[in-house]
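To start, the structure under review is shown below, and the notes come after it.
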Amino acid sequence: MDILLDFLEVFKKGGLRVLLILFLFVVVERRFFARKYVDASSLIFNVKWIFVYGVLGYIFTFLAVDNFIPFLKNTLGLTPLLQLPRPGNIYHEVFYWYLSFIYLEFFYYWLHRMQHEVPFLWSMHKFHHSERQFQVSTAVRNHLFEIPINSFCIYALGYLILDFQLMYPKVFLLGVSFYSYLAHMNVRLHLGRLGLFIGGPQIHRLHHSFLRQHINKNYSTFFPLWDKVFGTLVLPEKDEYVDTGLSDGGDCSLSDGVFSPFEFLMNKFKRDGVGKRN
Ligand SMILES: [Zn+2]
Ligand SMILES: [Zn+2]
């Protein structure tokens, strides 16, 4: 009974919070949409997915961030390569927040890039990119296993190089979760040159485009800075609101959000003939 109550409590905090935020954003989006919706199928698919992702995703993400760094520090005795001096005043503190966002987004950028370039990781990430009607609810269409992978690669690796307070990654995580809704909105919002400094829905929409010139571009979430540095930034034209989806025209089912990497491995073993003798 206690387990059931705990589960309901987590669902209330995780799933219901996601549903509430989504509802508010959807209302705005339906009023100021950039591209007309074909039908409600994408929204229904994504809301169904929240019942898996909203609960398990919430548990995985916060458990991972809360536990990875203390585990590395206290259990394995690993210490970061570089120590930052502790902030001495409020200006240092603000600077550190800013620095930690850019720093953590560097890891996010490379992880996201690998999710597109490494076939095994793409077998999970394509679930997110299977969205044909780009909209705010696309923000929750993420493969279940991407959550612990992201947490490990961004926060644990980030910690091993640079010592920062646990608070920074948690706030970054909350920021990414919230900003992700904004970035996926189907709204008419052209940032112009500001798009060089801050990401937005039109820039991220290009990341979801299946057109050749947009493939593997715009990996950053907050700061297009890293895309600029590594040559993957493409800024949209004023009225450019492209079609989205997979370049092979494929679709994903809800079960792909859990089982697609296993399917990928099975197909690979079959193709490579594992266990076959000459
Ligand atoms: Zn992507
Ligand atoms: Zn996206």
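In the set 8, 72, 20, 63, which member is at pLDDT 80 or above and assigned to a helix (DSSP H, G or I)?
Values: 8 fails: at pLDDT 80 or above; 72 fails: at pLDDT 80 or above; 63 fails: at pLDDT 80 or above.
Step by step, each of 8, 72, 20, 63 is checked, and only 20 is at pLDDT 80 or above and assigned to a helix (DSSP H, G or I).
Being more than 16 Å from residue 115 (Cβ to Cβ) and aliphatic (A, V, I, L, M), is that true of even one residue in region 241-252? Yes, some residue in region 241-252 is more than 16 Å from residue 115 (Cβ to Cβ) and aliphatic (A, V, I, L, M).
For region 206-239, filtered to residues that are aliphatic (A, V, I, L, M) and closer than 19 Å to residue 187 by Cα, the residue that is nearest to ligand 1 (Cβ to nearest atom) is 206. Within region 171-206, being in a helix (DSSP H, G or I), more than 12 Å from ligand 2 (Cβ to nearest atom) and of a type in the set (Lys, Arg) holds for one residue alone: 193. Looking at (1) within 16 Å of ligand 2 (Cβ to nearest atom); (2) free of Cβ contacts under 8 Å to residues at least 60 places away in the same chain, which one does residue 158 not meet, given that it meets all the others? Failed condition: (1). Against the list (1) of a type outside the set (Ser, Thr, Tyr); (2) away from ligand 2 (no atom under 16 Å from the Cβ); (3) in a loop (DSSP other than H, G, I, E, B), the condition residue 234 fails is (2).
Close contacts from region 111-132, counting a first residue that is within 17 Å of residue 232 (Cβ to Cβ) and a second that is among the hydroxyl-bearing types (Ser, Thr, Tyr) and within 14 Å of ligand 2 (Cβ to nearest atom), with Cβ to Cβ under 6 Å and a gap of 6+ residues or different chains, come to 112/219; 113/219.
Quick check on residue 249: is it of a type outside the set (A, V, I, L, M), under 19 Å from the mean Cα position of the chain (by Cα) and modelled with pLDDT under 95? I'd like the intermediate steps shown before the answer.
Values: of a type outside the set (A, V, I, L, M): yes; under 19 Å from the mean Cα position of the chain (by Cα): no; modelled with pLDDT under 95: yes.
Answer is no for this residue.
Would you mind stating whether residue 95 is away from ligand 2 (no atom under 16 Å from the Cβ), closer than 20 Å to residue 216 by Cα and out of contact with any His (no Cβ under 6 Å at 6 or more places or on another chain)? For residue 95, the condition - away from ligand 2 (no atom under 16 Å from the Cβ), closer than 20 Å to residue 216 by Cα and out of contact with any His (no Cβ under 6 Å at 6 or more places or on another chain) - is not met. Any idea which of (1) in contact with a Gly (Cβ under 9 Å, 6 or more places away or on another chain); (2) more than 11 Å from ligand 2 (Cβ to nearest atom) is the one residue 131 doesn't satisfy? Every condition holds for residue 131 apart from (2).
Is it fair to say residue 274 is of a type in the set (Val, Ile, Thr), farther than 16 Å from residue 196 by Cα and modelled with pLDDT under 95? Judged against the criteria, residue 274 is a match. Restricting region 101-132 to residues that are within 14 Å of ligand 1 (Cβ to nearest atom), of a type outside the set (Asp, Glu) and not in a helix (DSSP H, G or I) leaves a set whose member that is nearest to the chain's Cα centre (by Cα) is 130.
Looking for whichever is crowded, with 18+ Cβ neighbours inside 10 Å and of a type in the set (Asp, Glu) here; the options are 227, 243. Which one fits? Please lay out each step first, then the result.
Working: 243 fails: crowded, with 18+ Cβ neighbours inside 10 Å.
Of the residues listed, the single one that is crowded, with 18+ Cβ neighbours inside 10 Å and of a type in the set (Asp, Glu) is 227.
The values are calculated or read from the model by the stated rules, or taken from the named source; none is laboratory data. The shown structure was predicted, so the numbers you read here are calculated from the model rather than taken from an experiment. Cβ: placed from backbone, ideal geometry, glycine included. Neighbour counts: every protein chain shown.
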